[in-house]
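Reviewing the structure listed below.
The values are calculated or read from the model by the stated rules, or taken from the named source; none is laboratory data. Predicted model, so just to flag it, every value in this text is computed and none were measured. Neighbour counts are summed over all protein chains in view; Cβ atoms, including those assigned to glycine, are modelled from backbone coordinates with ideal geometry. Quick note on the areas: whole protein, heavy atoms, side chains included, nothing else; ligands and nucleic acids left out. Shrake-Rupley method; radii C 1.70, N 1.55, O 1.52, S 1.80 Å.
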Amino acid sequence: MDRRVYGVETEFGLIHHPETGRGLPPDELARYLFRPVVEFGRSSNIFIPNGSRLYLDVGSHPEYATAECDDLIDLIASDRAGERIMHDLAQWTEERIRDDGFNGQVYVLKNNVDSAGNSYGSHENYLIPRTTHFRRLSGILLPFLVTRQIIAGAGRVVPADQENEAHFAFSQRADHMWEGISSATTRSRPIINTRDEPHADAAAHRRLHVIVGDSNMSSTTSLLRYGATDLVLRMIEAGVPIGDYELENPIAAIRAISHDITGRTTVRLRSGQELTAAQIQRGLLERVTRFVTEQGSHHRHVETILELWARTLEAVETGNHGLIDQDIDWAIKKRLVQQVAARHGLELSHPRLAQIDMSYHDVNPQRGLFHLLLTRGLATDVLSEERITRAMTSPPPTRAAVRGEFLSTARAYGAECTVDWVHHKLIDRPLEAVMVKDPFAAQDERVEALLDRLGDRGAQLRELSGDERSQRGVTVALTEKYAFTGEAAPPEPPLI
Amino acid sequence: MSAQPQKQPHRPGGDQTPESADSGQVKGNPQASERVEELDSLLDEIDTVLEANAEEFVKGFVQKGGQ
């Protein structure tokens, strides 16, 4: 597909750390965190004006699902907007719990594992044509995803256990994958989930749901992660021969690769061949590069993605991680961990380094360690501040724009409504509910007509400026787009 | 959706051409000590933002499983 719809769902870790004693339990803290959400949308599971979804998931994880995006930078900006929203909510929560007599700090971490070994995810969605042969897709995609951690992993300080010393691994999620492909998510986490809810025309599309990825802090790493995956999908869809990298045991392979930061570990293919993760990635990158040379770039970031991909593989192959220690999360984090360890003379098993690992993922821009590096120019970025702020309130130009406009307009008129990825319904006009099955459609005449029933929008609604909105609400993402300036309905004529 | 901000990942220090990167290596020493100072300052800042009791912080970070 030349144009593809992408989305990513991020589950966040949440903790309260008081000055002394125990913090609030996660579920109670999550209820505090989501009070402004419930106040805005009367539920803890809502779509918001930027087209994204904000909700409390199983286990009281705050979760943010980006709107459907058809551009990688839009996707990454929407994801970062989600981090900002969580940060705003956390700041608010810190004040509220103080009013209620609890001191200390509230942390929202965009990572994937806690200190007790619980894991929570970063789920990617890619729209693919229904015609894509699923067996061929998984045969190619699975070895790509198993080895993708060396180019897009978030890195992890793995504590010592009975068998192994503390060490640095490529991935947060690798140890928590139990199956290659299946329809379950909680019971037995598969790398590719086959749950087929396309949120689109099911005859034309399916939604590929990938749950193996680590949550990324670096937008540069995110660009490589989503961009490389899209390129591999594109080759699969085009039906070009790609070579056979099918793994004998994908789950054993994903773990073995993660735990050897030297990249020398080999994994066995079904053909009997033994290859390193970098060799498999190299093979796929060469094929992708040839494909792009023949077919041309289908978007403006392709060249950047290919350069980053090649440089990251070189860093793994040569052991010169300095080539990417401002661009790729695991390498950025590894350098930081080593610097802190060297300064204080710490072994990798020291809790301070586990703390560094977790704090790297803190979404607070003044406290999170990735953000400190970014501010100091020690990490690269593909987003501007303006772009992130815009993504907090403005949907990308896809079906998300229809949803955002529908929500904001109905709210301005005080008309109750419900929406999901596909449906748009005014509670008072249930028979006129509109389904928008095309996720690329940034406009829909039927939805426009439905909104026209509410009144003369041009005359009655005034769009609030960014400044006005930032003065209101706990987070700008939970503010009204429009102010109703129309005349109130004329008063009943007096009875004579 | 008019202006697309930075699309290319940018390195700090701005738009280094290969030549300026090369000439940078000639006067290595002042830069090296600058880097050491920068690193010290970063690590100092990290010490101030992190909770002092690392072990308590790490142990206290327990969630329920997700998805």
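A few notes on this one:
- Spacing of the modelled spin labels on A:R136 and A:E463, each 7 Å from Cα toward Cβ, amounts to 4.4 nm.
- Accessible area per residue was computed with a 1.4 Å probe on protein heavy atoms; A:S258 scores about 0 Å².
- Overall dimensions of segment A:69-134 by Cα: Rg and Dmax, Å: 17.8, 58
- Debye intensity ratio I(q)/I(0), log10, the protein assembly as shown, q values 0.06, 0.08, 0.11, 0.13 Å⁻¹ (C-alpha model): -0.31, -0.55, -1.04, -1.43
- Where only DSSP H runs of four or more residues are counted, chain A gives -12500 deg cm²/dmol as its mean residue ellipticity at 222 nm, each run worth -39500 (n - 2.57).
- Computed from the C-beta positions of B:A32 and A:R453 and an R0 of 60 Å, the FRET efficiency is 0.30 to the nearest 0.05.
- Added length on full extension, which subtracts the Cα-Cα distance from 0.36 nm per residue, A:E95 to A:S349: 88.0 nm
- Exposure of A:W178 as accessible area (Å², to 10), given a probe of 1.4 Å and all protein chains: 140
- In order along segment A:455-468, the Karplus-derived 3J(HN,Hα) couplings, from 6.51 cos²θ - 1.76 cosθ + 1.60 at θ = phi - 60°, round to x, 8, 4, x, 8, 9, 10, 10, 6, 7, 7, x, 4, 4 Hz, and Gly and Pro are given as x.
- Peptide A:296-302 - average C-beta neighbours from other chains (10 Å radius): 1
- Of the trypsin sites (Lys or Arg not before Pro) found in segment A:90-154, those in coil by DSSP whose Cβ has at most 14 other Cβ atoms within 10 Å are A:R130.
- Radius of gyration and maximum dimension Dmax of segment A:393-472, Cα, Å: 12.7, 38
- R0 of 56 Å, Cβ-Cβ distance A:S297-A:H423: FRET efficiency to nearest 0.05: 0.95
- Looking at chain A, the DSSP beta bridges with both ends there are about 95 percent antiparallel.
- The reciprocal of the average 1/r between distinct C-alpha atoms defines the Kirkwood hydrodynamic radius, which for segment A:44-90 equals 11.0 Å.
- The order of A:S222, A:S271 by accessible area, most exposed first and with a 1.4 Å probe, is A:S271, A:S222.
- For segment A:282-389, convex hull volume per residue from C-alpha positions, Å³: 129
- Accessible surface area normalised per residue over the protein assembly as shown is 42 Å², counting heavy atoms of protein chains with a 1.4 Å rolling probe.
- Spherically averaged projected area of segment A:144-257 from its Cα convex hull (nm²): 8.9
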